[in-house]
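*Asks:* The structure follows.
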Amino acid sequence: MLIVPFDKLSLVAKEHFPSFLVWLILKDNWNNMEALSSYKGPIDIFGAKEDAVIPVQHAKVLAASVPGAKLVIIDAGHNDWSYEGKVKIRNP
């Protein structure tokens with residue numbers, strides 16, 4: 001399960017800073033699409049519709065890159081997704 005994830009860190013950073021600063025400052029460019037490329041198990045991806053830190057588009061792109069991923073868009077922001085039971089984490 002991934003909650004408010006990103007596809008590639010540099011793509012998120014470019015939405016907040018000029019490209020030349022991203023490449024100058026970013027030491028690690030975590031790529032969740034690449035990291036999950038050989039994953040074959042079930043995965044639920046929760047994107048927050050009102051997320052101003054990691055816009056929901058990044059969760060959508062990540063989900064589209066993982067075969068069989070279940071995408072759920074929640075009506076929340078980056079830090080308030082756990083309020084009021086919008087997402088419940090349980091172990092079957």
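The values are calculated or read from the model by the stated rules, or taken from the named source; none is laboratory data. Since the structure is predicted, the reported quantities are computational estimates derived from the model, not experimental observations. Don't worry about glycine lacking a Cβ; one is built from the backbone with ideal geometry, like all the others, and counts go over all protein chains shown.
*Asks:* Inside region 66-92, can you point out the residues that are buried (at least 16 other Cβ atoms within 10 Å of the Cβ) and either of a type in the set (Phe, Trp, Tyr) or modelled with pLDDT of 90 or more (or both)? Break it down into steps so the answer makes sense when it comes.
*Replies:* Keep residues of region 66-92 that are buried (at least 16 other Cβ atoms within 10 Å of the Cβ), which gives 66, 69, 71, 74, 76, 81, 87.
Residues satisfying the conditions are 66, 69, 71, 74, 76, 81.
*Asks:* Take residue 7 and tell me if it is more than 21 Å from residue 89 (Cα to Cα) and either touching a Lys or Arg at 6+ places or on another chain (Cβ under 8 Å) or crowded, with 18+ Cβ neighbours inside 10 Å (or both). Explain how you work it out, then say what you get.
*Replies:* Details: more than 21 Å from residue 89 (Cα to Cα): yes; either touching a Lys or Arg at 6+ places or on another chain (Cβ under 8 Å) or crowded, with 18+ Cβ neighbours inside 10 Å (or both): yes.
Criteria met by residue 7.
*Asks:* Counting only residues that are in contact with a His (Cβ under 7 Å, 6 or more places away or on another chain) and of a type in the set (Asp, Glu), how many does region 1-52 have?
*Replies:* Residues that pass the stated criteria total 2.
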